[in-house]
Every structure is written in structure tokens, then in C-alpha cells.
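*Asks:* Sharing a structure with you now.
Only the coordinates and a few stated rules stand behind these numbers; no lab work does. For clarity, every value in this text was computed on a predicted model and none was experimentally measured. Note: ideal-geometry Cβ built from the backbone for every residue, glycine included; neighbour counts use all protein chains shown.
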Amino acid sequence: MGVQRRNPGIVLLVGLPLLLVAAVVALGGQPRGHTPVPGNNRDQKGYTRPTDPSLYVGSETCKTCHADMPSKDFFQHFEDSPHFVTTLDTKKGPAWQGCEGCHGPGKAHVDGGGDKTKIFTFKGASAQEISARCLDCHAGGVQHMNAINSVHLKNDVSCISCHSPHHAKESEFLLVKPQPELCFTCHLQQKAQFDMPFHHRVNEGLVQCSDCHNVHGTVGPKQVRTSSTQDAICFKCHTDKQGPFVFEHQPVKTDGCQSCHLTHGGPNPHMLKLSNVNLLCLQCHTTSSFSGAPGAPSFHNQASFFQSCVLCHNAIHGSNFDATFFK
Ligand code: HEC
Ligand code: HEC
Ligand code: HEC
Ligand code: HEC
Ligand code: HEC
Ligand code: HEC
Ligand code: HEC
Ligand code: HEC
Ligand code: HEC
Ligand code: HEC
């Protein structure tokens, strides 16, 4: 993909219009029917804002027609939204301000009496096109600095699948729906996990998906955040498990919490991966295991109370007092 665009021979053969279509297709978007609009730049690198100030009219001009169009108080709603502040910031020029900060230059649209083919509309735009416009202003923050790795973006889930500048249902973060419903519209498997008897209380509002995930992209896999010390996110809340301990239980540090726990929810108490603690421990603590873990001593008769390992080895996440985690 993209090779065609760089081949001058093909450029000469097919000409510019086809090339534009090829570029859109290469970006994974749908080619759209309407004529090119100033500022409708479909380059993957981003949206290049036309700098000529005479192409812009300013939000007050938009207001003359859009005060109540397409819906009542449309403009008022914008004035009450966080993006209104862009109209006040004149430093970078009109390309970065108000309505035209997102929709691009509006003069042609206005001169055409509201010709809708002469303004960028987000309808049918590809996820990459949309995100490029938004990230022009938002790429700077820590939340968005890994946008390039966004699994959502790579799967054509764009900013406006979750946010709506004009029609947000949640005033905070302009979300189209509150969490976790927002996420569950697409992630049904995870919904089932949080419905299990033992779960992080996400449905109850105690913990949010975004406490553990950065849906805008992360360096690590599965869009999982890290703690402020670049450690497992789990330590952000479960600080008592972090240590350092005089006697570390190796898997807590090396394999991570997920070697024993499910992270969303499951059928077993404490969200353990297996219903019987002994089976969980004996995955590693058998003489035949390759985990480097010592086998449980032979006096550990599995027919008896030695089954409930954590009855005795109860400081299972690490201990400052006892090498076998008795306390
Ligand atoms: C932060 C970027 C942004 C700004 C600023 C913005 N828009 Fe939009 N606009 C959008 C997006 C995204 C959509 C697609 C619908 C949605 O997600 O809310 C849209 C949709 C629209 C629509 C189509 C109808 C609709 O309700 O969906 C109109 C008309 C419109 N915008 C006009 C304006 C006007 C006028 C202004 C200034 C008062 C403005 N926009 C400011 C991003 C923006
Ligand atoms: C002279 C009146 C007028 C002005 C001024 C005006 N618009 Fe519009 N705009 C319209 C009309 C009329 C439509 C609806 C066109 C239709 O649905 O056929 C429209 C539609 C739109 C749409 C939606 C296009 C679509 O495909 O649904 C956007 C986005 C938009 N305007 C943005 C702006 C912005 C941004 C400004 C200011 C730069 C602006 N308009 C100024 C009259 C105007
Ligand atoms: C899968 C849903 C989803 C997608 C896609 C998404 N966001 Fe978000 N966004 C959220 C949620 C949820 C929050 C609030 C929780 C948080 O901060 O993580 C948020 C927060 C934000 C915030 C405010 C917090 C901050 O510090 O930045 C901005 C700005 C933002 N998103 C912009 C964007 C932009 C720009 C895109 C597209 C490149 C985008 N989002 C894509 C769900 C999403
Ligand atoms: C011209 C610059 C600019 C563009 C383009 C832009 N934004 Fe923003 N956005 C801002 C500013 C400024 C704020 C207010 C920041 C603040 O309050 O700290 C903001 C705030 C937000 C917030 C946070 C709202 C909150 O409650 O904290 C979200 C979400 C957001 N924008 C999403 C988007 C999306 C989605 C797009 C693309 C459709 C977009 N923005 C395009 C400048 C921009
Ligand atoms: C519009 C649909 C949609 C919404 C809404 C949505 N997602 Fe996604 N999400 C996807 C798609 C598509 C993928 C990529 C395919 C996959 O892994 O399922 C994805 C991937 C992910 C991944 C990475 C999975 C991996 O294998 O790397 C995480 C984590 C995630 N989403 C969390 C969230 C959270 C948290 C929310 C709510 C704030 C959310 N998503 C909202 C569609 C969505
Ligand atoms: C307590 C932290 C935490 C919370 C809260 C959380 N997740 Fe996750 N999630 C993780 C971790 C860690 C992973 C990595 C895989 C694993 O360990 O299960 C993950 C994996 C995922 C995946 C990829 C699944 C796969 O099998 O590849 C998706 C999608 C996802 N989470 C969505 C969500 C959604 C949606 C929510 C909210 C409803 C949510 N998560 C809440 C920690 C969390
Ligand atoms: C945002 C804070 C937060 C983060 C991050 C977090 N947790 Fe939790 N966790 C909680 C809270 C709060 C509870 C208690 C829930 C309750 O009482 O219902 C809990 C409960 C648990 C439990 C069950 C405890 C019990 O007694 O049943 C386990 C296991 C657990 N978390 C593991 C993890 C793992 C593994 C991670 C990292 C993937 C993680 N947590 C990340 C807040 C968090
Ligand atoms: C070697 C397996 C193992 C690993 C790795 C592990 N846990 Fe546990 N965890 C357990 C067992 C077993 C229990 C149940 C203890 C009991 O019943 O007394 C437990 C209980 C818990 C509880 C509830 C009781 C308590 O002590 O607060 C939380 C919370 C918890 N674990 C969080 C974590 C976190 C966070 C991590 C990663 C830092 C982690 N666990 C790693 C085995 C493990
Ligand atoms: C993912 C593999 C794994 C799981 C599951 C696991 N362990 Fe371990 N365990 C280890 C490793 C590796 C060591 C470190 C061995 C060493 O330091 O030589 C260890 C060390 C120990 C020690 C200290 C041994 C010594 O002599 O220093 C005890 C006791 C122990 N584990 C008990 C348990 C119990 C009880 C469970 C179940 C709740 C459990 N382990 C689950 C891998 C595991
Ligand atoms: C009734 C208490 C009790 C129960 C229950 C128990 N253990 Fe132990 N465990 C001990 C004692 C006592 C030792 C020896 C401690 C020492 O040598 O200082 C020990 C030692 C160990 C060691 C260290 C072996 C070594 O070579 O260093 C491992 C591993 C271990 N147990 C795993 C388990 C596992 C796995 C279970 C559950 C299947 C379990 N224990 C259940 C009391 C118990």
C-alpha cells in the first residue's frame, strides 16, 4: 500500500484524480463522492491547514445561519462546549479557531449560500482523516502521545466513535455515552466478563475501563496503561502488593498479576484463574515444572488440608519476614 503513490510513472499514467482516490483507499477509508474542498487533505501525515486568512470567515459568520441549524441552539451549544475557547485564542491564526478549526476554511461554503459540498463534513470521512484533524491540536498531551500505536485507530475506530463535539451525551470529555456502556457497545465479550460473580466493580462505577486502559494508544500491548513509575498498572491501586519485599514471590514480579488472576472478572473468588488454589500453585510448584519453582515438599499431602495453600503461605504476594510466605 502507498507504493503506487510514490511511483512517478503511475502518477503520469493515471493522473491526479485517480491518485487521490488511491490515497484514500490506501488509508483504509471510503472514497467519497464530493469535490475536493480546500483543506480536505487526505495525506496520512495529517491535515495541512490552509494558511491564507482570506479563506476564513470566523465563527460569528457561521452563527448567522447556524444559530439554530440543523437543530435549535446549535451555536449556543457550541459556545457552552470546551471548544469555544479556540475562538478566543488568536495566536496561531484563523485556521485554528472555532468552527473552522475543525471544519476547515468556510468562505466558499458561505459564498455559496451554504453549499455543503464546499465545506469539510465528518460524515463518511475515514478514521484517519478525522483523527488527523483532531490530533492537530490534541497530539501534544500525554494521553495522546502514543496515538500512532492506537489499536482503535488501526481498526478504523475514530475519535468521533467515542466523542461528539456537538452531540455529546456526557459533558465530561464530550463522550457519546458514559463508560462502561460506551465500551460495551463494541466489546461484548468484556461485558460478559464484568458480569461474572467476581469482578472489578466497573459496572458499579467504582473502577473505570480507562483507569487501566488508554484507549488513545499505549506503548505496551492491549492498550493497557502503566503506573506513574512505568510499572504494572495494578500497583497504582494495589500498592500493598508492590513491595519491594525481602522475600519476593517471583511470579508477582516476573510474570505479573495475570499469572494467577483474571483482570476483568471471573467465576472464582479473588478473580483467581483456577477454582482450586492448589491447582493454581501446582501449575508451577511440581518437580516436573519448568518454571524454576521448587516442587511442594512431599509432606504436602494433597488429600488433606494441604490443599488450601494460602492457609499457611498467606503472604502470597511477598513477605518481609518469611521465605515461605507464612506471614
Ligand atoms: C472540535 C471540532 C469541531 C468544531 C469546533 C465544530 N465542529 Fe461541527 N462537526 C464536528 C464533527 C466531528 C461533526 C460530526 C457530528 C458529531 O460528531 O458531532 C460535526 C458536524 C457538524 C454539522 C453537521 C450537522 C450535525 O449536527 O452533525 C454542522 C452543520 C456543523 N458541524 C457545523 C459547525 C459549526 C457551525 C461550528 C461552529 C459553531 C462547528 N461545527 C464547530 C466537529 C466540529
Ligand atoms: C449563508 C448561510 C450559512 C453560513 C454563513 C454558514 N453555513 Fe453552513 N450550512 C448552511 C446551510 C443552508 C447548510 C445545509 C446544507 C444542506 O443541508 O443542504 C449548511 C451545512 C453545513 C454543514 C453540514 C454539511 C453536511 O454535509 O451536512 C457544515 C459542516 C457547515 N454548514 C459548517 C459551516 C461553518 C463551519 C460555517 C462558518 C464557517 C458555516 N457553515 C456558515 C448555511 C450556512
Ligand atoms: C474508544 C473510545 C475513544 C476513542 C476512539 C477516542 N477517545 Fe478520547 N477519550 C475517551 C474516553 C473514555 C476519555 C475519558 C477517559 C480518559 O481520559 O481516558 C477520553 C478522553 C479524551 C480527552 C480528554 C482527556 C485528555 O487529557 O486528553 C481528549 C482531548 C480526547 N479524548 C481526544 C480524543 C481524540 C483527539 C481522539 C482521536 C484521535 C480520541 N479521543 C479517540 C474515549 C475515546
Ligand atoms: C483547533 C484546535 C482543536 C481541534 C482541531 C480539536 N480540539 Fe478538542 N479541544 C481543543 C481545546 C483548546 C480544548 C479545551 C482544552 C481544555 O479545556 O483544557 C479541547 C477539548 C477537547 C476535549 C475535552 C473535553 C473535556 O471535557 O475535557 C475533547 C474530548 C476533545 N477536545 C475532542 C476533540 C475531537 C474529537 C476533535 C476532532 C473532531 C477535536 N477535539 C478537535 C482544541 C481542539
Ligand atoms: C466503535 C466501537 C468501539 C468502541 C466504542 C470501543 N472500542 Fe475498543 N476496540 C474496538 C475495535 C474494533 C478494536 C480492535 C479489535 C479488537 O481487538 O477487538 C478495539 C480494541 C480495544 C482494545 C485493545 C485490544 C487488543 O487486542 O489490543 C482495548 C483495550 C479496548 N478496545 C478498550 C476499549 C475501551 C476501554 C472502550 C471504551 C472507553 C472501547 N474500547 C470502546 C472497537 C471499539
Ligand atoms: C483493573 C484493570 C482493568 C480494567 C478496569 C479494565 N481492563 Fe481491560 N484489560 C486489562 C488488562 C491488564 C488486559 C490485558 C490482558 C489481560 O490481562 O487480561 C486487558 C485486556 C482488555 C482487552 C483485550 C482482550 C483480549 O483478550 O485481547 C479489551 C478489549 C479490554 N481489556 C477492554 C476493557 C473494557 C471494555 C473495560 C471496561 C468495561 C476494561 N477493559 C476494563 C485491565 C483492565
Ligand atoms: C483504579 C484502581 C484499580 C486498579 C488500577 C486495579 N485494581 Fe484491582 N481492585 C480495585 C478495587 C477498588 C478492588 C476492590 C473491589 C471490591 O471491593 O469490589 C479491586 C479488587 C481486585 C481483586 C480482588 C480482590 C478480592 O478480594 O476479591 C484482584 C485480584 C485485583 N483487584 C487485581 C488487580 C489486578 C491484577 C490489576 C491490574 C491488572 C488491578 N487489580 C488493577 C482497584 C483497582
Ligand atoms: C502466584 C499467584 C499470584 C500472583 C502472581 C498474584 N496474586 Fe493476588 N492473590 C493470589 C491468591 C492465591 C490470592 C488469595 C489469597 C487468599 O485467599 O488469602 C490473592 C489475592 C489477591 C487480592 C485480594 C486479597 C488481598 O490480599 O488483598 C488482591 C487485591 C490481589 N491478590 C492482587 C494482586 C495483584 C495486584 C497482583 C500483581 C501485583 C497479584 N495479586 C499477583 C495469588 C496471586
Ligand atoms: C507462575 C508460576 C508460579 C505460581 C502459579 C506460583 N508460584 Fe510460588 N514460586 C514460583 C517461583 C518461580 C518461585 C521462586 C523459586 C526460587 O526463588 O527459587 C516461587 C516460590 C514460592 C515459595 C518459596 C519457596 C522457597 O523455598 O523459597 C513458596 C512457599 C511458594 N512459591 C508458594 C506458592 C503458592 C502457595 C502458590 C499458589 C498460591 C504459588 N507459589 C504459585 C512460581 C510460582
Ligand atoms: C498446613 C500448612 C501448609 C499448607 C496448607 C501448605 N504448605 Fe507449603 N509448606 C508448609 C511448610 C511447613 C513448609 C516448609 C517450610 C520450611 O521449610 O521452612 C512448606 C514449604 C513449601 C514450599 C517450599 C519448598 C522448598 O523446597 O523450598 C513450597 C513451594 C510449598 N510449600 C508450596 C505449597 C503449595 C503449592 C501448597 C498448596 C498445594 C502448600 N504449600 C500448602 C506448610 C504448608
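*Asks:* Please give the charge dipole size of the chain, origin at the Cα centre, charges +1 on K and R Cβ atoms and -1 on D and E Cβ atoms. Round to the nearest 20 debye.
*Replies:* 720 debye
*Asks:* Now for a different question. Can you classify the stretch 264-320 as rounded, prolate or oblate using the Cα gyration tensor, where a ≥ b ≥ c are the square roots of its eigenvalues, rounded means a/c under 1.5, and otherwise it's prolate if a/b beats b/c and oblate if not?
*Replies:* Rounded.
*Asks:* Could I ask something else about it? Using a cut-off of 12 Å between beta-carbons, work out the net charge of the residues near Gln97 (Lys and Arg +1, Asp and Glu -1, Gln97 not included).
*Replies:* Numbers: positive: Arg49, Lys91, Lys92; negative: Glu60, Asp89, Glu100.
Summing Lys and Arg as +1 and Asp and Glu as -1 gives 0.
*Asks:* Can you work out D for the chain in µm² s⁻¹ from Stokes-Einstein, where Rh is the Kirkwood radius over C-alpha pairs, the temperature is 25 °C and the viscosity is 0.890 mPa s? Spell out each step's value before the answer.
*Replies:* Working: Rh = 24.3 Å.
The calculation lands on 101 µm²/s.
*Asks:* Take the alpha carbon gyration tensor of the stretch 166-229, find the square roots of its eigenvalues, order them as a ≥ b ≥ c, and report rounded if a/c is under 1.5; if not, report prolate when a/b exceeds b/c, else oblate. Provide the component values of the computation, followed by the final result.
*Replies:* Numbers: a/c = 1.66, a/b = 1.07, b/c = 1.55.
Judged from the Cα gyration tensor, the stretch 166-229 comes out oblate (a/c at least 1.5, b/c at or above a/b).
*Asks:* Still on this model: Positive end of the charge dipole of the chain (Lys, Arg +1 and Asp, Glu -1 on Cβ, about the Cα centre): tell me which of Phe247, Cys186, Asn155 has its Cα farthest that way.
*Replies:* Asn155
*Asks:* Roughly how big is the stretch 213-327's charge dipole about its Cα centre, with Cβ charges of +1 (Lys, Arg) and -1 (Asp, Glu), in debye to the nearest 20? Don't skip to the end; give the middle numbers.
*Replies:* Values: 7 positive and 5 negative charges, 51 e Å.
About 240 debye.
*Asks:* Of Phe290, Leu274, Leu174, whose Cα points farthest to the positive end of the dipole of the chain (charges on the beta-carbon: +1 Lys, Arg; -1 Asp, Glu; origin at the Cα centre)?
*Replies:* The Cα lying farthest towards the positive end belongs to Phe290.
*Asks:* Can I ask one more? Could you rank the peptides 47-59, 235-247 by their average count of other C-beta atoms within 10 Å per residue, with the highest value first?
*Replies:* Ranked from most to least packed, the peptides come out as 47-59, 235-247.
*Asks:* If a paramagnetic tag sat 7 Å from the Cα of Gln143 along the Cα-Cβ line, which residues of the stretch 214-230 would have the backbone N under 12 Å from that point?
*Replies:* 214-217
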